[in-house]
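**Q** For reference, the structure I am asking about is given below.
The values are calculated or read from the model by the stated rules, or taken from the named source; none is laboratory data. The structure displayed is predicted, hence computed values, not measured ones. A quick note on method: Cβ atoms are made from the backbone with ideal geometry, for glycine too, and the neighbour counts reach across all protein chains shown.
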């Protein structure tokens, strides 16, 4: 059944449904009620145009001007500002995880913005009626979203620093120079004194390129230091609840300033969980079984949700084994997964999931993971 036919036959009357397919230069908007579907194309970010089209759609479908509007769009490059603006206009909106939208599994399928918008509209109606469930993104407040900028910018700068460092090493390697550490020398002094494989100074253009690369490296390093200073100041001095949680988490052995900050700002500081299953599932650290007929196998973890938390939890799991060897979690891992390298690599994911749950309980109730130790004051 086509998306248009579904909307015509099954949509609940009295409500205007709207699905938005967003791109860089245009918005494809699909409207539906219970009679037919209407699609329009707008310039991106045309808020006034969208408001006008909503009113036109209500007129076309015979709805009153104060009729309820339910909308959706996929999470992506535009972030959450459209969601906040729609809600400020009295429109009920949900942000959908794109992976939950069903698509045709044919190897070659038609794909256009209009088809995507109509498909999304169909699934929105099903979602509202409770017949199918879409994965809806949890939208942070503007303040909660802003708090994530410091560690995300630092993450990008660290990658940039690695790129500059590798470039300098590669340029020096062209002349048989193995760069390890320039000590306390400035880059000017180091490059003026360094000798190539013939025991001669570097050529002028090569040295100039290295100096420019070094200046970019120094700028990135200074910005990383600024962000780290700002982060430490907020951790130590702020009385906001979210920073208190950072201080609480970093008291545990094995968790440092950066790890505790990212865990709170990306995860525990604004997301609410009702039980341990939600914690593991939201991080994508749960299994994906395949059980059809006589075919049964495990496909690995789902890898859904926040990849930063998933990577950090795995890294923390290795650190936990080192710094919290007497904890119940570490003993469980050693007893069950210490048979070989492959077994440990599989088991560390299970430990990461259990560790996330233990940290959630610690932050919510103050209950220490069994056998865990706090840092000395």
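**Q** I want to confirm something. Restricting to segment 258-272 and keeping residues that are more than 19 Å from residue 351 (Cβ to Cβ) and either surrounded by 14 or more Cβ atoms within 10 Å (Cβ to Cβ) or outside the structural domain of residue 313 (by TED's automatic domain parsing) (or both), which single residue is nearest to the chain's Cα centre (by Cα)?
**A** Ranking the candidates gives 266 first.
**Q** Can I ask one more? For the subset of segment 127-142 comprising residues that are touching a helix residue (DSSP H, G or I) at 6+ places or on another chain (Cβ under 9 Å) and part of a helix (DSSP H, G or I), which member is farthest from residue 211 (Cα to Cα)?
**A** Top of the filtered list is 129.
**Q** Residue by residue through segment 77-95, note down the ones that are touching a strand residue (DSSP E or B) at 6+ places or on another chain (Cβ under 7 Å) and either within 19 Å of residue 26 (Cα to Cα) or not assigned by TED's automatic domain parsing to the domain that holds residue 24 (or both).
**A** Residues of segment 77-95 touching a strand residue (DSSP E or B) at 6+ places or on another chain (Cβ under 7 Å): 78, 80, 82-83, 86-87, 91-95.
Of everything in segment 77-95, those that are touching a strand residue (DSSP E or B) at 6+ places or on another chain (Cβ under 7 Å) and either within 19 Å of residue 26 (Cα to Cα) or not assigned by TED's automatic domain parsing to the domain that holds residue 24 (or both) turn out to be 78, 80, 82, 83, 86, 95.
**Q** At least 2 residues that are touching a residue at least 60 places away in the same chain (Cβ under 8 Å) in each: list the helices (runs of 4 or more DSSP H) lying fully within segment 181-296 that qualify.
**A** Because the criterion is at least 2 residues that are touching a residue at least 60 places away in the same chain (Cβ under 8 Å), the helices (runs of 4 or more DSSP H) in segment 181-296 that meet it are 204-237, 241-249, 257-263, 276-282.
**Q** Any residue that is outside the structural domain of residue 305 (by TED's automatic domain parsing), more than 22 Å from residue 15 (Cα to Cα) and surrounded by fewer than 17 Cβ atoms within 10 Å (Cβ to Cβ) - is there at least one of those in segment 45-67? Explain how you work it out, then say what you get.
**A** Let us first name the residues in segment 45-67 that are outside the structural domain of residue 305 (by TED's automatic domain parsing), namely 45-67.
Cutting the leftovers down to more than 22 Å from residue 15 (Cα to Cα) gives us 45-46.
Now drop any that are not surrounded by fewer than 17 Cβ atoms within 10 Å (Cβ to Cβ), which leaves 45-46.
Within segment 45-67 (the criterion being outside the structural domain of residue 305 (by TED's automatic domain parsing), more than 22 Å from residue 15 (Cα to Cα) and surrounded by fewer than 17 Cβ atoms within 10 Å (Cβ to Cβ)), the answer is yes, since at least one residue qualifies.
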